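Quick note: the coordinates plus some simple rules give every number you see, no bench work behind them. All of these numbers come straight from a predicted model, not from anything done at the bench. All Cβ positions, even for glycine, are placed from backbone atoms using ideal geometry, and neighbour counts span all protein chains on display.
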Amino acid sequence: MAAVTLLRVATGALLALVLLFGASGVAARRGGVVPRRRRQVVDVGVILDRSTWVGNISWTCIQLAFEDFYADARHAGYRTRLKLHLRDTGLGAVEAASAGIDLLKNVRVQAIVGPQTSTQAKFLAELGNKSSVPIISFSANSPSPSGQTPYFIRTPWNDSSQAEAIAALVQKHSWREVIPVFEDDDSNTRFIPDLVGALRQVDTHVSYRCKIHPSATEADLKSTISSLKENWTSVFVVRMSHTLARNFFKLAKDEGMMDRGFVWITTYGLTDIFDVVGSPALDVMQGVLGLKPYVQDTVELHKLSQRWRKKYQLENPGISASIPSVYGLYAYDTIWALALAAEKAGYVNSDFGPSVTNNGSTDFDRIDTSKAAEKLRGSLLDVTFMGMSGNFCIADMQLVSVNYTIINIIGQKRKVVGYWTPGSGISGSLNVKADLGTIRWPGDNENVPRGWLLPMNKTLQIGVPVKPGFDEFVKFENGKPKGFCIDVFEAVINALSYDVPLHYKPFADKKGNSKGTYDDLVYSVYRKEYDVVVGDITILANRSRYVDFTLPYTESGVRMLVPVRDQRQKTAWTFLNPLKADLWLGAGAFFVFTGFVVWCIEHRTNKDFRGPPGSQIGLVFYFSFSTLVFAHRERILNNLSRIAVVVWLFVVLILQQSYTASLSSILTVEQLKPTVTNLEEVIRNGSYVGYLNDSFLPVLLKRLKIDESKMIPLDSPEQYNEALTSGRVAVIIDEIPYLKVFLKQYCQNYTMVGPTYKLDGFGYAFPRGSPLTPDISRGILKLASDDRMVNMQKELYGATSCLDKDGSQTSSSLTLLSFQGLFIITGTSSVLALIMHAVITIYNNRHEFSSDGSQSSWPRWPAILSKLFHEGDNPSNTPIKNEPAIENVDGATESPLNITNHIFEHLTNMDSGSPPEGEGTPGRELSVQGTEPLSFAYMHSERGHNGAASLSRNGSSIRRR
């Protein structure tokens, strides 16, 4: 009975419970609330150190990401749901590894998020490989992605891109040297090599890497800063934790390293120090440049920042923070990516199976593997979406980086002055190429620092050679250096835009003698005994392996110095020396040719050029050679011969003046000629060669195949003169500056001859990589472009340089080639005159060449030409006086030649038995006063009638009767 009663009570209770749940369901449906379908849980471990700023803000962002993702209506139908398991550990690797093993063995998580440091990430990456569980870090930058850690995924941007941005910023401002200052921990294992490589790509040198231990004390930091002050470089890239950076910059400011001339660039991480430390960090970091990943300012980011600020201040009262850092945004996007990947992978029950080595003795050896976690990793690598930090996309096991923002600390603000993008590099605008904004450098300076500074309290230690001779270049006098090399160096130093304290030290032993050769002096710079060597230091290839030389400030090259002697020798035939044999012969030939041309032209019409053959041949030679002194007496009647003679007289005038000048030079000017003209002659004769002691010349002389036993070292110009005068050496081989100084004193007796063996001249030697070298080189170029260098060289070498006394300065004989143009002119004019004369003569007597007036009689041409040419010759060899013109009765005037031609023609016709033209007409009688009457019949064909004419000479005229 009792059992029945108990059963009834239980049945009633169960019925009541069913009715209660049914009523609740109806009520729920009526209220519009849809019952949530149960989601499969995906366990995710989170390892953070909430005592740190990064860990604290990141946990707040992780919580907000979790809430926002599952509150989003787009994800309401998801079948999976993350479950976060926080392990608040310290920054030590052991604590993080312990937490990781706990999460893997006991919670069996499918992913672990958040190892903050690279040291922690190294241990957890091994756990991920062991269990096939992805380890996802949003702040650690090592271990580097590789095949050895396939389950370690980084969701911050790639540090290599940050290194490229810093290198682009350095290149933008033409800084040639950079010193990285970094915390010596695993976080920089990969970044510093990446930075050095990126700087090398832009030809920037990293001469020194400054490491600071994470637990460095204030004394350690002071020592580090002191070592930085001793370097010339003033451009520093800083990468360290917030706490260490705050102390470092405070001490750097106290030591004066935050003043003008310095450049400080901080990597991302330190850019957020102002959110952590606040005003104290801003006060000690004025003028610092920083890099920060570019995050687009969106409405969603504003809303997230407002919600994050409220939540963070609620959980951390008394701590003010305006916005989450980029690390917090990376943490936010990481949770979203995991949630999307879990849904994409689909839920698989926790299927941890035994590891291959799960029989070990430690917890690490007994960790199982999970196929579900491996599938989750694959889905995570394929997830892409637009997150709060930008586009979320994993490539090469890390988030793909895009752009960086360049900020400048000015007062209490962080001013954006530019951007870096992978494609465009440095620019003032994100979308177009533009100049950077105005940057305020340390010391409130707007001028771009040059990138190096003279070390603080540094005096430039200058090595100066000590030598017995040629003290015009450098010498010590009363403990102070003087000379041309010192003057040029100080002129360049004084023109610099900054002060350089100088201290000269002689390269000498206790006795004041030189401590070694110039090679030893240069090598002392390499050994850091001197900061620079100033003197007559020749730039050589073997020396440049140890030092950097400035541009040369003197002439370059090596030549021979030889004695000279006067080559003037007066003989009975010295007068022939002004002209070479070819010119003598050529001039003589043109003398004869010109006389012959004039004789040919004048022979028919000029009685001065007629006579017996012997007289005429002599006349040709006499006339032509008499023009040499302009003493020819024969009259020239023909215009063509006058032209030929005028041109010839012009040539004779030039020949005469040139001969006179050359002869005067030969007889009066000192004809100095070197005793030796080339080095081969010296080697062939086995002569001795002198050179400057303690120089590089023995090496050069050996290369020129001069026997070492024939080399004699000399020290001073006086020794040079004595050795050459006494014949101890035949030549001296030395650099041109030394030889010019020697010739300033001994110009009359010596000269430089032979080829110039090329060298680079004198330069100043600085340590390799010294930033002073380019500034001094530019100063030398500027000095050489004005009158100061010219005046210095005049003082060194003299007002006028001693010219080389080689063959170019002796009076050489004149050659035919020198007057080739003149002879062509006179020859052409003479030939043309002769041709024109012949043409005119033939044309004027063309009727003589026709037998019947219409047909030419070619066989008679030579006779006719001979007759025309010799026409007027007096067979009796008695010269015919020139007669005045004959005036005919009709008022016409006829020359004696025309009258004679008429007579000769008439006589010729009578001798041949041919009657004159117009036979049967009355004849004419010609009578000349003082001669026998000439009678003959003549037909006046021009008048067309017959008449008798009689010519008689009466005084100066012959009239027709």
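At-a-glance table
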{"item": "Burial order of peptide ranges 133-140, 82-89 (average beta-carbon count within 10 Å, highest first)", "result": "133-140, 82-89"}
{"item": "Amide H contacts of THR80 (H built 1.01 Å from N, under 5 Å, at least 5 apart or other chain)", "result": "GLN40"}
{"item": "Long-range HN-HN contacts of HIS205 with modeled amide H, under 5 Å", "result": "GLU177, VAL178"}
{"item": "For region 584-722, the spread of Cα positions along each principal axis, largest first, Å", "result": "86, 26, 23"}
{"item": "Members of LYS83/LYS292; LYS83/LYS375; LYS673/LYS705; LYS172/LYS433; LYS229/LYS510 lying beyond 23 Å, as alpha-carbon distances in this model show", "result": "LYS83/LYS292; LYS673/LYS705; LYS229/LYS510"}
{"item": "Label-point separation in nm, THR438 to LYS458, each point 7 Å along Cα→Cβ", "result": "3.2 nm"}
{"item": "Loop-located trypsin sites (Lys or Arg not before Pro) in region 256-307, at most 15 other Cβ atoms within 10 Å (DSSP)", "result": "ARG260"}
{"item": "³J(HN,Hα) computed for each position of region 206-216 - Karplus, 6.51 cos²θ - 1.76 cosθ + 1.60, integer Hz, glycine/proline x", "result": "10, 7, 8, 10, 9, 9, 10, 5, x, 9, 5"}
{"item": "Distant-in-sequence amide H partners of ARG87 (H built 1.01 Å from N, under 5 Å)", "result": "VAL46, ILE47, LEU48"}
{"item": "Neighbour net charge for LEU502 - beta-carbon separation under 12 angstrom, K R +1, D E -1", "result": "0"}
{"item": "Sequence of VAL689, VAL402 once ranked by neighbouring C-beta atoms within 10 Å, starting from the fewest", "result": "VAL402, VAL689"}
{"item": "Using θ = phi - 60° and Karplus 6.51 cos²θ - 1.76 cosθ + 1.60, couplings along region 91-97 (whole Hz; Gly, Pro as x)", "result": "8, x, 6, 5, 4, 5, 5"}
{"item": "Phi to ³J(HN,Hα) by Karplus 6.51 cos²θ - 1.76 cosθ + 1.60 over region 615-624, Hz, x for Gly, Pro", "result": "5, 5, 5, x, 4, 4, 5, 5, 4, 5"}
{"item": "Two-site label geometry, ASP102 and ASP184: point separation in nm, points 7 Å out along Cα→Cβ", "result": "3.3 nm"}
{"item": "Packing-based exposure ordering (other Cβ within 10 Å, fewest first) of TRP452, TRP420", "result": "TRP452, TRP420"}
{"item": "Of the GluC sites (Glu not before Pro) in region 188-284, those whose Cβ has at most 13 other Cβ within 10 Å and which sit in DSSP loop", "result": "GLU230"}
{"item": "Local electrostatic count at PRO214 - Lys and Arg +1, Asp and Glu -1, tallied over other residues with Cβ under 13 Å", "result": "-3"}
{"item": "Neighbour-count ranking [beta-carbon atoms within 10 angstrom, fewest first] of SER279, SER665", "result": "SER279, SER665"}
